[in-house]
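Pasting a structure below so you can have a look.
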Amino acid sequence: MTTPDPDGLLAEQLLRLTRRLHRIQKHHLERRGLGVTPAQSRLLRTLAHCDSPPRMADLAERLEVVPRAVTTLVDGLEASSKVRRVPDPTNRRVIRIELTDDGHKALRELRGARRAAAEEILAPLTSDQREVLGGLLDTLVDGMPERGRGC
């Protein structure tokens, strides 16, 4: 007879919720016709939180991915005019990435898609349950080590 593993069950529930959230968010992104993948969306959001245009290595660190993955994401976003590569003012060998006006516009649309996805996921919960969930998530997020602070 095996003993129940409550932490294992909870971990599986969290993973299933994460996959469902990604699936729903992807659906809302596609419906809005932005032509932005969830990974590109994450890069745009990261850029929006940087005080100054970051280097690609900074983005890779912040996103916790290999630099090559950032290059691919930036290439796609640059092709759709949402970001641009700009030379560093102090070191011409360094390239920085900045949002364009189209990128800022896409971010506004992305926020709407994320909000719609969250509303869909949270629909079964009462406002009290949402408040409790928010508190629990804050506790989990606040307890995580700070990583990827490249911006």
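Can you list the residues of region 115-137 with backbone N under 13 Å from a point 7 Å past the Cα of Asp7, pointing along Cα to Cβ?
none
Net charge near Glu30: determine it from the other residues with C-beta under 15 Å of the C-beta of Glu30, scoring Lys and Arg +1 and Asp and Glu -1. Could you put the intermediate results ahead of the total?
Numbers: positive: Arg23, Lys26, Arg31, Arg32, Arg114; negative: Glu109, Glu120.
Combined, the nearby Lys, Arg, Asp and Glu give +3.
Given a 1.4 angstrom probe, I'd like the percentage of the accessible area of region 50-89 that is carbon and sulfur, rounded to a whole number.
Accessible surface attributable to carbon and sulfur in region 50-89 totals 53 percent.
Once Cα extents along the principal axes in Å is worked out from the coordinates, which option in (1) 64, 33, 28; (2) 55, 44, 31; (3) 61, 44, 32 does it equal?
(1)
Net charge near Leu17, counting Lys/Arg +1 and Asp/Glu -1 over other residues with Cβ under 13 Å of its Cβ? List each step's numbers first, then the result.
On the way: positive: Arg16, Arg19, Arg20, Arg23; negative: Glu12, Glu120.
Neighbour charge sum, excluding Leu17 itself: +2.
Now a separate question. Non-local amide H neighbours of Val65 (under 5 Å, H modeled in plane, Pro and chain starts lacking H): which ones?
For Val65, no residues qualify.
OK, next. Would you pull out the residues with amide H under 5 Å of Arg96's amide H, same chain only if 5 or more places away, H placed 1.01 Å from N?
When sequence neighbours closer than 5 places are left aside, the close amide H contacts are Val86, Asp88.
Given a 1.4 angstrom probe, what's the average accessible area per residue across region 73-130, in square angstrom? Show your work: numbers first, answer last.
Working: 3730 Å² over 58 residues.
Roughly 64 Å² per residue, with all protein chains present.
Top to bottom by accessible area (1.4 Å), largest first, where do Ser80, Ser41 land?
Ser80, Ser41
Measure out, as a whole number of angstrom, how far apart the alpha-carbon centroids of region 76-121 and region 11-37 sit.
Value for the Cα centre distance between the two parts: 19 Å.
Using alpha carbons only, how many degrees (0 to 90, rounded to 10) separate the axis of helix 67-79 from the longest principal axis of the chain?
Between helix and principal axis, roughly 70 degrees.
OK, next. Please list, ordered by chain and number, the residues whose modelled amide H lies under 5 Å from the amide H of Val83; skip anything fewer than 5 residues away on the same chain.
Glu78, Thr100
The values are calculated or read from the model by the stated rules, or taken from the named source; none is laboratory data. Predicted model, so just to flag it, every value in this text is computed and none were measured. Please note: Cβ atoms are built from the backbone with ideal geometry, for glycine as well, and neighbour counts cover all protein chains shown. For the accessible areas, the whole protein counts, side chains as well, though only heavy atoms, and no ligand, DNA or RNA atoms are used. Shrake-Rupley method; radii C 1.70, N 1.55, O 1.52, S 1.80 Å.
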